[in-house]
Structures are given as structure tokens and as C-alpha cells.
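For reference, the structure is listed below as C-alpha cells.
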Amino acid sequence: MAHKKSAGTTKNGRDSNPKYLGVKLTEGDKTQAGSVIIRQRGTDVLPGKNVGIGKDHTLFALISGTIKFGTKRKMHFDNKVGVKKVVNVI
């Protein structure tokens with residue numbers, strides 16, 4: 001015979017693992033080829049000179065050098081001009 005009353009079900013008993021997104025190397029940092037600069041969801045920051053982009057929008061260095069952040073004026077599909085952030089390796 002059970003001595004504890006049965007517990008009901010719960011709808012919020014789950015949690016996902018952290019994804020560790022964000023900027024990994026800041027402006028002026030030295031980098032080696034293949035180093036991750038930014039992990040992001042979507043292209044908040046665009047790849048510039050000597051920077052590659054992965055299939056999950058991760059930005060990484062193509063050569064060894066120094067990180068430099070900047071901006072770029074970019075035309076959208078509806079002819080609106082916006083300013084986007086760009087990262088370069090110099």
C-alpha cells in the first residue's frame with residue numbers, strides 16, 4: 001500500500017543548456033588564423049576583411065593579426081539604408 005499521494009505532472013520542468021554566444025575577442029586583441037571572434041544567432045555583426053563566417057553565423061579569423069571593429073552603410077531590399085557593424089582582421 002502506498003504511503004505517499006501521487007504527485008501530479010508539471011509543464012515547466014525543462015531547461016536548455018547555455019549556448020555561450022557573444023564577442024570572444026575585442027578590438028585590439030591579437031588573433032591567430034581560425035580563432036573564433038564572435039558567436040551569434042543571425043548576422044548582427046558582418047564579416048569584413050580577412051574574416052570568415054560559419055554556417056551558424058560564427059565569425060572567425062582567416063589570418064593572424066589584430067581585431068578591428070567598424071561600421072558599414074548597407075542598402076536593404078526596400079531601399080532603406082542602415083548602418084551595420086563589421087569586424088576586420090588587420
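Annotations for the structure displayed:
- Unique match (being free of Cβ contacts under 8 Å to residues at least 24 places away in the same chain, hydrophobic (A, V, I, L, M, F, W, C) and surrounded by 14 or more Cβ atoms within 10 Å (Cβ to Cβ)) among I67, I53: I53
- Among the residues of region 22-46, those identified as surrounded by fewer than 12 Cβ atoms within 10 Å (Cβ to Cβ) and either more than 24 Å from G65 (Cα to Cα) or free of Cβ contacts under 8 Å to residues at least 24 places away in the same chain (or both) are G22, R41, G42.
- The criterion of being basic (K, R) and within 23 Å of I90 (Cα to Cα) does not hold for K4.
- For K5, the stated conditions hold: it is without any contact (Cβ under 8 Å) to a residue 12 or more places away in the chain and exposed (fewer than 10 other Cβ atoms within 10 Å of the Cβ).
- Checked against the criteria, F77 does not count as of a type in the set (A, V, I, L, M, F, W, C), free of Cβ contacts under 8 Å to residues at least 40 places away in the same chain and not in a loop (DSSP other than H, G, I, E, B).
- Leading residue by the ranking (nearest to K24 (Cα to Cα)) among those in region 70-90 that are surrounded by 14 or more Cβ atoms within 10 Å (Cβ to Cβ) and among the hydrophobic types (A, V, I, L, M, F, W, C): V87
- Taken over region 39-90, the criterion of being among the hydrophobic types (A, V, I, L, M, F, W, C) and under 11 Å from the mean Cα position of the chain (by Cα) is satisfied by V45, L46, I53, L59, F60.
Each value in this text was obtained by applying a stated rule to the coordinates, not by laboratory testing. Values in this document were obtained by computation on a predicted structure and should not be read as measured data. When we count neighbours, we look across all protein chains shown, and the Cβ atoms used for this are built from the backbone with ideal geometry, even at glycine.
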